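The values are calculated or read from the model by the stated rules, or taken from the named source; none is laboratory data. Note that the coordinates shown come from a computational prediction; the quantities given were computed from them, not determined experimentally. FYI the Cβ positions are ideal-geometry reconstructions off the backbone, even for glycines, and counts take in every protein chain you see.
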Amino acid sequence: MSFSPFIVEVPATSANLGPGFDALGMAVHIVNTVRVEPSASDSWEMEASGEGSHRLPTGERNLMLRAIGTACRRWEVTLPPLRLVCVNAIPLSRGLGSSAAAIVAGLKIANQLNGNARQDDDLLELATEIEGHPDNVTPALLGGVQASATSEGRVIHVRVPVARAPSLAVFVPDFPLPTREARRVLPKRLDIHDAVYNIGRACILVASLASGNLDTLRTGTEDMLHQPYRMRLFPAMSVLFHAALRAGACGVYLSGAGSTIIAFVDGPPEAARDVAHAMRHAATRDGLRGRAFVSSIRDEGAAVRLI
């Protein structure tokens, strides 16, 4: 198979957004790229640089290569040996969808070399099957803010319209919080009052973004289903929440399973920078190291750029 080299871009994602546990996700302007070109030999080649590159396996255990292999078997496609040059900007095990990005990148590569024979919904269902839930892979593939659920083997997804996009103040702690460990602390049963609490907050969150009434995001990002329990693993979470809100954030939450904290800010990047700096200073006082920066919601999901 002969083809022209191309680049796949996949954004980071932030799941839950507070109360939307395993149901809401958002694409963030932090992007992994993979340059795909024919291999000069008869074997597959992979190079990785950037975030976590020293920790990532490059053989059969690599998640992106596993996604490519799964797609080829499922779609009955044979690919030639490829050379993949990965530049990773998404931190690993920090609640920013690094695994979803790897899976989506693999499926986009396989589909591009298969003549784009599969629609986005086909890719999304396979990505969800590999990942186990749709909240990260949906915005990674489609961009924006997405509500998603599985029903009878299908992924039902709806883009949440964002009338007035908030800026994002981001604090990424130096320590990882693996999803498996963060799920282990969650209760097996829920109190009905906690469930009602979260349903109301999730509705307010979606309505806030869709209407542009960002003043209600403080309530819209509150949660009783996972954040209080994950605070046992991350006691500084409440300190960072308090610092962000005092600095002017209109809402703040634990991104995915953590450990990243994201604050919504109603204002320009300069205002979000103040909130990010406030979180960093609070973390330093609490003995926690990490990076603080400003980002934004990315409307575009995974994309293929021809070289």
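For segment 56-90, name all the residues that are modelled with pLDDT of 95 or more and part of a loop (DSSP other than H, G, I, E, B). Once the filter is applied, which keeps residues that are modelled with pLDDT of 95 or more and part of a loop (DSSP other than H, G, I, E, B), segment 56-90 yields Ala89, Ile90.
Could you tell me whether Asp121 is surrounded by fewer than 20 Cβ atoms within 10 Å (Cβ to Cβ) and in the same structural domain as Ala27 (by TED's automatic domain parsing)? Yes, satisfied.
From the list Thr138, Thr150, pick out the single residue that is among the polar types (S, T, N, Q), under 26 Å from Asp120 (Cα atoms) and in a helix (DSSP H, G or I).
On the way: Thr150 fails: in a helix (DSSP H, G or I).
The unique qualifying residue is Thr138.
Of the set (1) more than 30 Å from Asp120 (Cβ to Cβ); (2) surrounded by fewer than 17 Cβ atoms within 10 Å (Cβ to Cβ), all apply to Asp266 but (2). For the residues Ala202, Ala249, the requirement of being in a helix (DSSP H, G or I) and either surrounded by 19 or more Cβ atoms within 10 Å (Cβ to Cβ) or touching a residue at least 24 places away in the same chain (Cβ under 8 Å) (or both) singles out Ala202.
I'm trying to understand the selection: among the residues of segment 181-198, which are touching a residue at least 24 places away in the same chain (Cβ under 8 Å) and hydrophobic (A, V, I, L, M, F, W, C)? Ala182, Val185, Leu186, Leu190, Ala195, listed by residue number. Hey, does segment 15-32 have a residue that's more than 30 Å from Thr216 (Cα to Cα) and at pLDDT 95 or above? For segment 15-32, residues more than 30 Å from Thr216 (Cα to Cα) and at pLDDT 95 or above: present.
Residues that are touching a Leu at 6+ places or on another chain (Cβ under 8 Å) and in a loop (DSSP other than H, G, I, E, B) were ranked within segment 39-55; the one that is surrounded by the most Cβ atoms within 10 Å (Cβ to Cβ) is Glu51.
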